[in-house]
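First comes the structure, then the notes that go with it.
The values are calculated or read from the model by the stated rules, or taken from the named source; none is laboratory data. Because the structure is predicted, anything quoted here is derived from the model rather than measured. Neighbour counts run over all protein chains shown; Cβ positions are idealised from the backbone, glycine included. Note: accessible area is taken over every heavy atom of the protein model, side chains too, but ligands, DNA and RNA are not part of it. Shrake-Rupley method; radii C 1.70, N 1.55, O 1.52, S 1.80 Å.
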Amino acid sequence: MIAVAVLGYGTVGSGVVKVIETNHDSILEKNGVDLEVKYVLDLRDFPDDPIQKRIVHDFDVIINDPEVRIVVETMGGTNPAYSFTKRALEAGKCVCTSKKELVARHGTELLGIAQEHHASYLFEASCGGGIPIIRPLRTSLGADVIDEITGIVNGTTNYILSKMADENLEFDDVLRDAQKKGYAERNPEADVEGHDACRKIAILSSLAYGKRIDYTDVYTEGITKITSAEVRYAKELGMAIRLLAYSHREKDTAIAMVAPYLVRKTDPLYFVNGVFNAIFVHGNMLGDAMFYGQGAGKEATASAVVSDVIEEAQTLGRSVMSKWKPEKQKLQPVAETEKQFFVRIAGEEGTDRVREAASAFGASSVVQAGLPGECGLITPVMTERRYQECAAALGNQILGMIRIRG
Ligand code: HSE
């Protein structure tokens, strides 16, 4: 029997207990590990739940019990999750987590501590919820040099964008409805401003490219400026708007950014709707692969966490995480990256104003979406810097912009 302690009996923590107990026999049969949840650390008591007899309020009970070999951290936030994780790893216990904030902020250090103490620090559920992506990047795709990751890695924003398009609604109305239904947090900032996706692409890219990508260096735009007008143009163009977390590496430089993009119908990411996530990966030998599934939710996320528990139980006494180097990956400034842009401009098609704007951008055609007093342009491929220069020259004639995925 391998004793496991779960820190935090919230949505994911209680899901972990459920997965380990419901699937105990099948996990034993398939993976040869006999898991038992010995303790659950929480500030609260749960008198009506059978878990109560395993609830502890003091982390020292867990750290001082040599039977506990694996600690599951599902507390949220970075404190005390950070200090508990550090202490558990220093005591030679394996840790796994579903929390991307901690991994994005302290992952490099915690991976180093794990290795020093012949323990593992795993975080499959931190990106893409229940979708296997960290382990495939680390093992199944270990033979490849990965040069691109593009993901729809935030279910809340994908739900909002899908619903805006399906029901012709405005951002604020869909957000309010999503909050009512529990799909969006009461404080939705981390999701709608792109911070959650930013942390996820920083983790995935650090792992894929082998050097630390600091999430604070990743250019990030959320979806709060997307209106029903952008959605109408997208439909007119036969495209969909998706919040993409993108990174690309070429030789020793990488690009990493999060922003809403127009995605063509020929792109598999076009068909990723609602709360689903998808992560597209390109490798130099593999070519293209896409990982698709439930990016959040109690059981799906817990299933990914327990996959880490199983791997740790099978490899006790050694560190299985291939860690990234602590040195920072050099990032190309976003201003130097090239792409096409869709630009909403004030003015009717056929007027000098619009002809001049089109010529400033080098755009050859004008897009109409039936919106009075405005139209859209698609620029040729240009750098972000060049786009910004053209846009600045046109001032408030620019009504909006979305990048187009190449
Ligand atoms: N807030 C996240 C999302 C949850 O909407 O995808 C999973 O990390």
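General observations
- Computed from the alpha carbon positions, the gyration tensor of the range 297-406 leads to an equivalent ellipsoid with semi-axes of 49, 19, 10 Å, biggest first.
- Cα lying deepest toward the dipole's positive end in the range 189-237, options Ile213, Ser228, Ala190, charges on Cβ: Ile213
- Built amide H within the under 5 Å cut-off of Ala296, gap 5+: Gly130
- Here the extension length gained between Lys325 and Arg264 equals 18.4 nm, from 0.36 nm per residue of separation less the Cα-Cα distance.
- The range 63-118 and the range 159-234 have Cα centres lying 28 Å from one another.
- The range 298-375 and the range 1-51 have their alpha-carbon centroids 37 Å apart.
- Spin-label model, Asn168 to His57: label points 7 Å out along the Cα-to-beta-carbon direction sit 5.7 nm apart.
- Rh by Kirkwood over Cα pairs, then Stokes-Einstein D for the range 45-96 at 0.692 mPa s and 37 °C, µm²/s: 275
- Amide H within-cut-off set for Glu374, under 5 Å, with H built and near neighbours excluded: Gly347
- Our analysis of the range 136-224 gives Rg over Rh at 1.08, with the two radii drawn from alpha carbon positions and Rh computed by the Kirkwood formula.
- Among Ala357, Ala197, Ala256: highest mean-square fluctuation, GNM of the chain, C-alpha pairs under 10 Å: Ala357
- Rg and Dmax over the alpha-carbon atoms of the range 99-255 stand at 17.3, 57 Å.
- Mean ellipticity per residue at 222 nm, deg cm²/dmol - from DSSP H runs of n ≥ 4 across the chain, formula -39500 (n - 2.57): -10500 deg cm²/dmol
- For the chain, the relative contact order is 18 percent, taking Cα pairs closer than 8 Å that sit 6 or more residues apart in sequence and dividing their mean separation by the residue count.
- Exceedance of the 19 Å cut-off in Cα-Cα distance is limited, within the set Lys181/Lys225; Lys99/Lys298; Lys18/Lys38, to Lys181/Lys225.
- Residues whose amide H comes within less than 5 Å of that of Arg69, counting only those at least five positions distant or on another chain, are Ala3 (H built at 1.01 Å from N in the peptide plane).
- Whole-number accessible area per residue in Å² for the chain, which is evaluated in the context of all protein chains at 1.4 Å: 43
- Low-density loop positions, trypsin sites (Lys or Arg not before Pro), the range 189-259 - DSSP coil, at most 11 other Cβ in 10 Å: Lys251
- Loop-located trypsin sites (Lys or Arg not before Pro) in the range 1-107, at most 15 other Cβ atoms within 10 Å (DSSP): Arg44
- Each residue of the range 246-260 is assigned a 3J(HN,Hα), and the resulting list reads 10, 9, 8, 10, 9, 6, 9, 10, 10, 10, 9, 7, 10, 6, x Hz, derived from the Karplus form 6.51 cos²θ - 1.76 cosθ + 1.60 (θ = phi - 60°), x at Gly and Pro.
- Cα convex hull of the chain, projected area averaged across orientations, nm²: 20.6
- Distance in nm between pseudo-label sites at Asn31 and Arg318 (7 Å out along the Cβ direction from Cα): 1.8
- Counting all C-alpha pairs of the range 286-330, share separated by more than 15 Å (%): 67
- Between Val367 and Arg355, residue separation times 0.36 nm minus the direct Cα-Cα distance comes to 3.1 nm.
- Approximating the spin labels as points 7 Å out from Cα along Cα→Cβ, the Asp217-to-Lys251 distance works out to 1.7 nm.
- Bridge type composition, the chain - antiparallel percent by DSSP, nearest 5: 60
- Cα-based Kirkwood hydrodynamic radius, the range 234-335, one decimal, Å: 17.0
- Backbone phi angles across the range 42-56, fed through the Karplus curve with coefficients 6.51, -1.76 and 1.60 (θ = phi - 60°), yield HN-Hα couplings of 7, 6, 8, 10, 10, x, 9, 10, x, 5, 3, 6, 10, 6, 10 Hz in residue order; Gly and Pro are listed as x.
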